[in-house]
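The values are calculated or read from the model by the stated rules, or taken from the named source; none is laboratory data. Not measured: the values here are computed from a predicted model. Cβ: placed from backbone, ideal geometry, glycine included. Neighbour counts: every protein chain shown. Each accessible area value is taken on the protein alone, full model and side chains, heavy atoms only, with ligands, DNA and RNA left out. Shrake-Rupley method; radii C 1.70, N 1.55, O 1.52, S 1.80 Å.
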Amino acid sequence: MERGKASAQERCPKLLALSDVVRRWVYSKQGVLKLMSADESFPGVVATVCDGRVRLWLEADILAYEQDRPWLLDDGLKRRRQMVGFVLSGQE
């Protein structure tokens, strides 16, 4: 590659679609959609493709979002978090 010419991978940030986020996390598609609508701090969509049907997020934004939410990536932590919420709600 010539000096001064960056590859497409270097020029373009990595993007994730909903299906990529679902694969990363221990959530179903419906679970991710519910989290998106319930959490105002969920990263914003940076682009859409396929006539607006496919939303895209910056991978860096998703990684940053995961930092304080380890339960997104760990099923055991997710289950413990759900159990605590269940007990605190008095539904046991």
Share of carbon and sulfur in the accessible heavy-atom surface of the stretch 17-79 [1.4 Å probe, %]: 51
Taking 0.36 nm per intervening residue step and subtracting the Cα-Cα distance, what contour gain separates Q82 from F42 on full extension? 12.5 nm
Loop-only check: which trypsin sites (Lys or Arg not before Pro) in the stretch 10-88 are DSSP coil with at most 16 other Cβ within 10 angstrom? K14, R53
